[in-house]
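Asker: One structure, pasted below without further comment.
Nothing in this text is a laboratory measurement; each read-out follows from the coordinates by a stated rule. What you see is a predicted model; the values in this text were computed from it and never measured. Neighbour counts are summed over all protein chains in view; Cβ atoms, including those assigned to glycine, are modelled from backbone coordinates with ideal geometry.
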Amino acid sequence: MENKKKKNGVKAWFPLLLSIMMGVLLGVATTRYADASAMEGESVFMRLLITFGILLAVIYIQTVIHELGHLVFGLLSGYRFSSFRIFSILLKKEQGKLRIKRLKLAGTGG
């Protein structure tokens, strides 16, 4: 019974605290980046827009790498390929051929 209490203690709070710290660091870095841009005469709005675009691209790339990890290690552990999906793009094996389709499932990224 004591082991469960310990797991709910520090281990339960660590991911939350890590996420908060990462958010603070990202906020500070973005603010400093915008301030430095303003000093150089560049538009703060444009710099923030570029930063937001880079953030979206990085999220997409991270999702692709994550899903490829599922695919690679699934294949290495003996599973057969049936489909691979990132956001709404689905690569599916049908009748021995690979087909690209669109599939939307609410709340899923891949």
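Asker: For residue 102 and residue 86, calculate 0.36 nm times their separation in residues minus their Cα-Cα distance, and state this gained length in nm to one decimal.
Answerer: Working: separation 16, 0.36 × 16 = 5.76 nm, distance 0.98 nm.
Gain on extension, residue 102 to residue 86, equals 4.8 nm.
Asker: Going out from 0 in 10 Å bins, what whole percent of all Cα-Cα distances in region 60-110 drops into each bin?
Answerer: That works out to 25, 52, 23, 0, in percent per bin.
Asker: According to a simple spin-label model (label point 7 Å from Cα along Cα-to-Cβ), what is the distance in nm between residue 94 and residue 56?
Answerer: Taking the simple label geometry, residue 56 and residue 94 are separated by 3.0 nm.
Asker: Per residue of region 54-66, in order, report the coupling 6.51 cos²θ - 1.76 cosθ + 1.60 (Karplus, θ = phi - 60°) as ³J(HN,Hα) in whole Hz, putting x for Gly and Pro.
Answerer: Those phi angles translate into 5, 4, 5, 5, 5, 4, 5, 4, 5, 5, 4, 4, 4 Hz.
Asker: Can you run phi through the Karplus equation (6.51, -1.76, 1.60; θ = phi - 60°) for region 14-31 and list ³J(HN,Hα) in whole Hz, with x for Gly and Pro?
Answerer: 4, x, 5, 5, 5, 5, 5, 4, 5, x, 5, 4, 5, x, 5, 4, 5, 5
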